[in-house]
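Below you'll find the structure, written out as structure tokens, and then a few comments.
The values are calculated or read from the model by the stated rules, or taken from the named source; none is laboratory data. Since this is a predicted model, take the numbers as computed values, not measurements. Backbone-built Cβ (ideal geometry, glycine too); neighbour counts: all protein chains shown. SASA here: full protein model, heavy atoms, side chains in, ligands and nucleic acids out. Shrake-Rupley method; radii C 1.70, N 1.55, O 1.52, S 1.80 Å.
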Amino acid sequence: MVQAKCWVMTKHFDGFPKTSDFELKEEELPEPKDGEVLLEAVFLSVDPYMRPFSRFRVKEGDVMIGTQVAKVIQSRNPAFPVGSHVVSNSGWRTHTVSDGTGLTPILPEWPKDVSLSLALGTIGMPGLTAVYGIEEVLGLQKGETLLVNAAAGAVGSVVGQIAKIKGCKVVGSAGTDAKVAYLRELGFDEVFNYKTVGSLEEALRKASPEGYDCFFENVGGSFSTVALQQMKNFGRIAVCGSISVYNDSTPQTGPYPHLTMILKQLKMEGFMQSRWEHKHPETLKRLLAWVKEGKLHYREHVTKGFENMPAAFMGMLQGENIGKAVVAV
């Protein structure tokens, strides 16, 4: 018998999450049956989507949702030998018995000097999100100008770099001077701290006086309202996130951008990476190749200790991380 630890949600979030919304529990797991494996978490992910998705994917008392890189420590399934690693949607758990459904093996060509935690970030869901937002939703073309907000986060930092690989001008916004400095290191053409500029409108106009062909939207709220005014005619907007409103107790209303969208003939589309799941194997190989070639750089914000999952989650929502936020067990 294996003793597993798990974090359950004791209460749906009301406003910003609190420590009291979580409880650490222990349970005994049975031995794996035929076709099953026992997984041990190595790295766990904390992501912005967990905040809104928990409302309809988790009941009070359930284990919190999330993805992890796990090691197979017992196996009665030949597809997943002992010692191999997988990406699993097991939630906030140290150990899981799985029948193999939904497990994604780590790419066989994964380099030994690249941390497996990247399978939760640049070479994982955030990287996939960046690729599909740029290629499938925006159809970004060489020579175009792209705006990305929350640009130092797990998705935004990859978005900007891929746009540069494709020969585009990239403007990024972030919330600290340290994040701005990091984005400059990554090769963003123009970067600003949205919290310290006198006027967001002026900052956007200064960064690209001719406007923006494409906007990779991670923030929503008032930033979106101002940014839409700066789009070129026939501009395209990929709506990936809306982190500025996730913790609102009262939903925000207005202003409404419809007239701007009509006059500029803008295209705005929301998306999730799961829509292109059939492309994941090929896309992950491309992301890994860019990392190996030195075209795609990354930074991680690593919190140590499974007991610190809630703190890592709340810290990520407050913008403490540069790059991907992960928890190392």
Q) In deg cm²/dmol and to the nearest 500, what is the mean residue ellipticity at 222 nm of the chain if only DSSP H runs of at least 4 residues count, each as -39500 (n - 2.57), divided by the residue total? A) -7000 deg cm²/dmol
Q.
Please compute, for the alpha-carbon atoms of the stretch 197-250, the extent along each of the three principal axes and give them in descending order in Å.
A. 37, 27, 13
Q: For Glu185 and Arg286, calculate 0.36 nm times their separation in residues minus their Cα-Cα distance, and state this gained length in nm to one decimal.
A: 34.2 nm
Q | In Hz, Karplus ³J(HN,Hα) per residue of the stretch 83-97 (6.51, -1.76, 1.60; θ = phi - 60°; x = Gly, Pro) | A | x, 7, 10, 9, 9, 9, 8, 8, x, 7, 9, 7, 9, 8, 9
(Q) Run the numbers for Lys142 and Ser84: contour at 0.36 nm per residue of separation, minus the present Cα-Cα distance, in nm. (A) 16.9 nm
Q. Once Rh for the stretch 101-152 is found with the Kirkwood sum over Cα pairs, what is the Stokes-Einstein diffusion coefficient at 25 °C and 0.890 mPa s, in µm²/s?
A. 185
Q. What number comes out for the charge environment of His12, summing +1 per Lys or Arg and -1 per Asp or Glu over other residues with Cβ under 12 Å away?
A. +2
Q: Give Lys18/Lys166; Lys142/Lys292; Lys71/Lys324 a once-over and call out the pairs whose C-alpha atoms are over 31 Å from each other.
A: Lys18/Lys166
Q) Once the other residues with Cβ under 15 Å from the Cβ of Arg76 are scored (Lys, Arg +1; Asp, Glu -1), what is the net sum? A) -3
Q. How high is the relative contact order of the stretch 1-152, given as a whole-number percent (alpha carbon pairs under 8 Å, six or more residues apart)?
A. 23
Q. Under 17 Å from the 7 Å Cα→Cβ point of Glu26, by amide nitrogen: which residues of the stretch 52-74?
A. none
Q: Please work out how much accessible surface Tyr298 shows to a 1.4 Å probe, ignoring ligands, DNA and RNA, in Å² rounded to 10.
A: 90
**Q.** Length gained when the stretch Asp177-Lys279 is fully extended (0.36 nm per residue, less Cα-Cα span)
**A.** 33.1 nm
Q | 1.4 Å probe accessible area per residue over the stretch 205-260, in Å² | A | 49
Q.
Using only alpha-carbon positions, what ratio does the radius of gyration of the stretch 1-155 give when scaled by 2.2 N^0.38 Å?
A. 1.19
**Q.** For the chain, with +1 on Lys and Arg beta carbons and -1 on Asp and Glu, the positive-most of Gly139, Asn89, Ala312 along the dipole
**A.** Gly139
Q. If you take every DSSP beta bridge whose two residues both sit in the chain, what share of them, in percent to the nearest 5, is antiparallel?
A. 55
Q. At q = 0.15, 0.25 Å⁻¹, what base-10 log of I(q)/I(0) does the Debye formula yield for the stretch 62-154 when every alpha carbon is treated as an equal point scatterer in vacuo?
A. -0.72, -1.33
Q) Using alpha-carbon pairs under 8 Å, 6+ residues apart, how would you state the relative contact order of the chain in percent? A) 17
Q) With all protein chains present, how much of the accessible area of the chain (probe radius 1.4 Å) comes from carbon and sulfur, to the nearest whole percent? A) 52
Q.
Restricting to Cα pairs below 8 Å that are 6+ residues apart, what does the relative contact order work out to for the stretch 125-273? Please round to a whole percent.
A. 23
Q) Lys11: which lysines have alpha carbons under 23 Å from its alpha carbon, excluding same-chain residues fewer than 8 sequence positions away? A) Lys25, Lys59
